[in-house]
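The values are calculated or read from the model by the stated rules, or taken from the named source; none is laboratory data. Owing to the predicted nature of the structure, the values given are computational and were not obtained by experimental measurement. When we count neighbours, we look across all protein chains shown, and the Cβ atoms used for this are built from the backbone with ideal geometry, even at glycine.
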Ligand code: FAD
């Protein structure tokens, strides 16, 4: 009998739960990936393109081991009908399921279809998180709404261990489906080629290398250095976790086995945020459409397209915000501290709807994950479950002085300011004309004046949030 293994955002062989179960059940496996037309963006995006670059890499990697990843395009149900016709002895379907959003609805729909129409047994595994969205509850049976108590409980639970998988035992089912056609179809979706993928740093092997380099060189100091963007002290594992090129169990276990340090403890806490936001998304399914906190659903956002464009392109006149946005535009990734800074700036200083920012990140991030992105945005916009209070507003200039004191990060992405000393780089609008000449930058020409006055914007934002509260 033949089993079908349906890959989605789990583009790896090692430590793949659904694949391990499929192999346990039969050594004859058909590997499939479906390109979901519903999910395809109308305009090419970095997010989508970099994901398909990883699919392409995965297909190549499997090919080296004599395994074909069959790629289908079109209606999902048609794919399963086709497989059933081609492979009459197919009885079991394996995949790692989604716990929220469109993915979860699709999984339920397909499960029903395969069971009822094709008489297939469906085996859906939880693979994407250390703990499932529905696993951790408060003693009163409700889901947690606050991170710290969730984290305390999370820490007490045993984590699943990685599973080794031996591909050598697999014998493949071949389909009469042109591989050339599949390759062309896939290449057509990789618009940006690999330029956003950290100089070709993609694939299962690379992901494991990134993990071991991080553990060896950065983990022990992670607690001290992780907030300083110029130090590049975080793991950069997010893009591999998003595509599934590495599993969360492999990451957790390797970190757990490394020597004890404050860096290790802090890093493990970050991994918990990923589970936490997965739980929040699954238990607040409406959070994609609106603020979780009802009292902030009436905030009167400013629909200022010009300022939104300045923010997107990194021309706000606040160097740390501009450097961060330019890092995103250039690399498809942004440092976590800066994601908080730019999200706060958009929602509080510009009073622009967090959903605009979320949508822009969705297009641009190579590590785009709906639960973490929406969770991060709702946190910054003070609309999430336990977000930053609406009256505690980041001052972008103070954030800049604190986390990029020498302006090294700013200089990397805002070359107009490269000659400024660290005492001047955080507020270039304060340069005198003589200084502008000395540092070869004309404010308002080479680099913009601030598009907003932070002090005034802060007062307006607090008023807008209080107005919403009063109206709710
Ligand atoms: P590290 O610091 O090395 O952390 C290790 C891993 O822990 C990360 O790869 C990630 O899986 C997890 N993690 C760390 N911080 C968080 C967090 N706050 N929330 C959830 N998981 C976390 N992360 C995404 O993976 N995809 C997103 O789309 C995303 N959007 C965000 C939007 C905003 C507005 C904010 C404030 C944060 C967002 N994050 C998102 C969380 C975080 O910024 C990234 O996970 C992190 O910067 C990725 O870099 P890294 O792998 O080097 O992180």
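Taking interchain pairs and intrachain pairs at least six residues apart, which have beta carbon atoms under 9 angstrom, with the first residue in the range 26-40 and in the same structural domain as residue 94 (by TED's automatic domain parsing) and closer than 17 Å to residue 82 by Cβ and the second exposed (fewer than 15 other Cβ atoms within 10 Å of the Cβ) and modelled with pLDDT of 85 or more?
As it stands, the answer is 36/102; 37/75, since those pairs meet every condition given.
Just to be sure before I move on: is residue 337 modelled with pLDDT of 95 or more, within 13 Å of the ligand (Cβ to nearest atom) and either surrounded by fewer than 23 Cβ atoms within 10 Å (Cβ to Cβ) or not in a helix (DSSP H, G or I) (or both) in the structure I sent?
yes
Quickly run through the range 355-373 and pick out the residues that are within 7 Å of the ligand (Cβ to nearest atom) and touching a residue at least 60 places away in the same chain (Cβ under 8 Å).
365, 367, 368, 369, 372 - these are the residues of the range 355-373 that are within 7 Å of the ligand (Cβ to nearest atom) and touching a residue at least 60 places away in the same chain (Cβ under 8 Å).
Working carefully through the options 47, 16, find the one that is within 19 Å of the chain's Cα centre (by Cα) and either buried (at least 21 other Cβ atoms within 10 Å of the Cβ) or in the same structural domain as residue 115 (by TED's automatic domain parsing) (or both).
47
If the requirement is being out of contact with any helix residue (DSSP H, G or I) (no Cβ under 9 Å at 6 or more places or on another chain) and closer than 23 Å to residue 454 by Cβ, which of these qualifies: 303, 309, 322, 349?
Going through 303, 309, 322, 349 in turn, the sole match is 309.
Condition check: in contact with a helix residue (DSSP H, G or I) (Cβ under 7 Å, 6 or more places away or on another chain), touching a residue at least 60 places away in the same chain (Cβ under 8 Å) and more than 12 Å from the ligand (Cβ to nearest atom). Does residue 314 satisfy that?
So residue 314 passes the test.
Residue 332 passes all but one of (1) within 14 Å of the ligand (Cβ to nearest atom); (2) within 26 Å of residue 218 (Cβ to Cβ); (3) at pLDDT 95 or above; (4) assigned by TED's automatic domain parsing to the domain that holds residue 463; which number fails?
(3)
Among (1) touching a residue at least 40 places away in the same chain (Cβ under 8 Å); (2) over 30 Å from residue 446 (Cβ atoms); (3) away from the ligand (no atom under 14 Å from the Cβ), where does residue 319 come up short?
(2)
Quick check on the range 203-217: of everything there that is touching a residue at least 40 places away in the same chain (Cβ under 8 Å) and part of a helix (DSSP H, G or I), which residue is farthest from the ligand (Cβ to nearest atom)?
205
Which of the following residues is more than 15 Å from the ligand (Cβ to nearest atom) and modelled with pLDDT under 95: 450, 428, 389, 421?
Residue meeting the stated conditions: 389.
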